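The values are calculated or read from the model by the stated rules, or taken from the named source; none is laboratory data. Given the structure is predicted, the values throughout are model-derived calculations rather than measurements. Positions of Cβ are generated from backbone atoms using ideal geometry, with glycine treated the same way; all protein chains shown enter the neighbour counts. Side chains included, ligands, DNA and RNA excluded: accessible areas come from the protein's heavy atoms. Shrake-Rupley method; radii C 1.70, N 1.55, O 1.52, S 1.80 Å.
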Amino acid sequence: QNSKSLSTVVIMIDNLGLNNRVFQILSQNSQKAAVDILGMRISTKYKNKFTEIMITETEAFGTANGDEMSLANQLNRKIPVSLPLGPPHIMVLKTYGSNNSLYFLTSKPGSCQGVLIRSAKIILGKNYAETRRKQKMKNDNLYGPGNITKALGIDVKQDGENLLDGTISLSPRIHPVERAIAKQRKNSKPRDKHLWRFTLVI
């Protein structure tokens, strides 16, 4: 009985440690968080169908004053309630058609900074991802924000969810990131000098 209680305590402490690490990473500005998120894992378990992916590409979006392409500037006509929440919350934004984009909110509440998850590699649950996307996959790679959310079963119902106690989990990476490439964000204007799109070389 005592050994079982001790095991439970150890698991709780370990989970708390992982949550602290995740929260610390997300509490950085979006550019630093976007790099550190590379190689981390997102998992969902809807209807007992567990799916896990490893993040291979991100895009950072900064503050309204420091980033012309910031989320606050892009969404200025209708700021989602979730955007100012900050870490450890997420924003799920409907883009076009049935596609949704997943953002990890970063820095601090009110900063409206975030990291878009652009590409990933499926670790577990490829068959579930194929069913959700309604197509067979030639490999384990997911390209584009819409394919990420479809594969994981994420939709706008999860908008504003807390990563530490919700249906979506973010776990620290297993292996160190050896190399990442920085380049301009998709659809960036020529005058935008920020290299805030980060791709993991694996």
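Among the numbered conditions (1) more than 24 Å from ARG132 (Cβ to Cβ); (2) in contact (Cβ under 8 Å) with a residue 12 or more places away in the chain, the only one that LYS193 does not meet is (2). For ARG173, the conditions (1) of a type in the set (Lys, Arg); (2) at pLDDT below 95; (3) buried (at least 17 other Cβ atoms within 10 Å of the Cβ) all hold with the exception of (3).
Scanning region 67-99 for residues that are assigned to a strand (DSSP E or B) and in contact with a Leu (Cβ under 9 Å, 6 or more places away or on another chain) returns HIS89, ILE90, MET91, VAL92, LEU93. From the list SER43, SER30, SER82, SER5, the one residue that fits, being out of contact with any Asp or Glu (no Cβ under 9 Å at 6 or more places or on another chain) and either modelled with pLDDT under 90 or open to solvent by less than 60 Å² (accessible area, probe 1.4 Å) (or both), is SER5. Quick check on ARG197: is it touching an Asp or Glu at 6+ places or on another chain (Cβ under 9 Å), of a type in the set (Lys, Arg) and surrounded by fewer than 16 Cβ atoms within 10 Å (Cβ to Cβ)? Judged against the criteria, ARG197 is not a match.
Checked against (1) touching a strand residue (DSSP E or B) at 6+ places or on another chain (Cβ under 6 Å); (2) of a type in the set (D, E, K, R); (3) closer than 29 Å to LEU75 by Cα; (4) open to solvent by 50 Å² or more (accessible area, probe 1.4 Å), ARG191 meets all criteria but (1).
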